[in-house]
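Step one of this worksheet: look at the structure below.
The values are calculated or read from the model by the stated rules, or taken from the named source; none is laboratory data. Note that the coordinates shown come from a computational prediction; the quantities given were computed from them, not determined experimentally. Cβ coordinates were reconstructed from backbone atoms using ideal geometry, including for glycine residues, and neighbour counts include every protein chain displayed. Note: accessible area is taken over every heavy atom of the protein model, side chains too, but ligands, DNA and RNA are not part of it. Shrake-Rupley method; radii C 1.70, N 1.55, O 1.52, S 1.80 Å.
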Amino acid sequence: MVGKFIYSLYEWYMMRHLDPEKMPKHIAIIMDGNRRYSKIQGNIDVVKGHEMGVDTLEKVLDWVIDLGIEIVTVYAFSIENFNRTSDEVDNLMKLFVKNFKRLVTHKKIHNNEVKVNVVGRTELLPDEVKEAIKEAEEATKNYTKRVFNLAIGYDGRLEIIDAVKNIYKKIENGEFSIDAVNEDLISKNLYTAGLEDPNLIIRTSGEERLSGFLLWQSSYSELYFCDTLWPEFRKTDFLRAIRDYQARDRRFGT
């Protein structure tokens, strides 16, 4: 009881000392540690770890909305994740279906006008997952206040390759010349076209690498690595990341 009170007091203190004027507009998150959490617990299935990770993500969305952050992009499933056991992949796909269908009528999503968007090679996903994604995107397509991006079937290098292919086709079709190719044009052909690059990228579980996440978009992002496993990620962990971001002197290469 005392511990919860102290934790709540610390959380309140951190909230009070964040600068609303320096809040990142776009936060990206590598949600790492679900499987490790399951192993550490010893008596729970790996799928349970992923389910708990979904619960954590829902809490993070609440925090993001409460802090006025406009865009959040999360790394949910990489191309390499297809190489995991068929049982784990199948159960993850079922989780995607279940939770995308929840988003269709999710009160917090609609009350706060959050646009749901999936980035990645969705053609690789099972039909039932693609259909659930379509339903969630369709239900929120007219919202403009906030954006919730989920990177599924995603790989940063493949994203750049796909962008180059799209540009090449347009050059072949005579839409513009090769001299028109610049950073802005490449950005407009990425999966995240139309969105600002992330100001802050958070990775949980203690690993300090991007693992192919938003390779082009992260060139000037601030990186924050947290030891906490994703299912145990708390609001204080999130607030520490933002506090650290606000304390940095962002030079953008100058």
Handout entry: Residues satisfying the stated conditions in the stretch 115-152, i.e. outside any loop (DSSP other than H, G, I, E, B), among the β-branched types (Val, Ile, Thr) and within 22 Å of VAL60 (Cβ to Cβ)
Key = VAL116, VAL118, VAL119, VAL129, ILE133, THR140, VAL147, ILE152
Exercise for the section: Starting from residues that are in a helix (DSSP H, G or I) and among the β-branched types (Val, Ile, Thr), keep the ones in the stretch 177-189 and report whichever is most open to solvent (accessible area, probe 1.4 Å). Expected result: ILE178
Completion exercise
The residue that is farthest from SER218 (Cα to Cα), considering only those in the stretch 160-176 that are among the basic types (Lys, Arg) and open to solvent by 80 Å² or more (accessible area, probe 1.4 Å), is LYS169
Handout entry: ASN83 within 21 Å of ASN34 (Cα to Cα) and free of Cβ contacts under 8 Å to residues at least 24 places away in the same chain
Key = yes
Exercise for the section: Considering only the stretch 1-114, give the helices (runs of 4 or more DSSP H) lying wholly within it that have at least 1 residues that are of a type in the set (Ser, Thr, Tyr) and surrounded by fewer than 17 Cβ atoms within 10 Å (Cβ to Cβ). Expected result: 2-16, 86-104
Problem - Of all residues in the stretch 218-254 being of a type in the set (Phe, Trp, Tyr) and over 16 Å from ASP32 (Cα atoms), the one that is surrounded by the most Cβ atoms within 10 Å (Cβ to Cβ) - result: TYR245
Exercise for the section: Just give me the residues in the stretch 219-254 being β-branched (Val, Ile, Thr), over 24 Å from GLN41 (Cβ atoms) and part of a loop (DSSP other than H, G, I, E, B), in sequence order. Expected result: THR254
Handout entry: Only listed residue being within 23 Å of HIS26 (Cβ to Cβ) and in contact with an Asp or Glu (Cβ under 9 Å, 6 or more places away or on another chain), chosen from VAL114, VAL104, VAL147
Key = VAL147
Practice task
List every residue pair whose Cβ atoms sit under 6 Å apart, with the two residues 6 or more apart in sequence or on different chains, where the first one lies in the stretch 133-159 and is touching a residue at least 60 places away in the same chain (Cβ under 8 Å) and the second, anywhere, is charged (D, E, K, R) and surrounded by fewer than 16 Cβ atoms within 10 Å (Cβ to Cβ).
Solution key: LYS145/GLU113; GLY153/ARG121
Exercise for the section: Considering only the stretch 133-159, state which residues are among the charged types (D, E, K, R) and buried (at least 19 other Cβ atoms within 10 Å of the Cβ). Expected result: ARG146, ASP155, GLU159
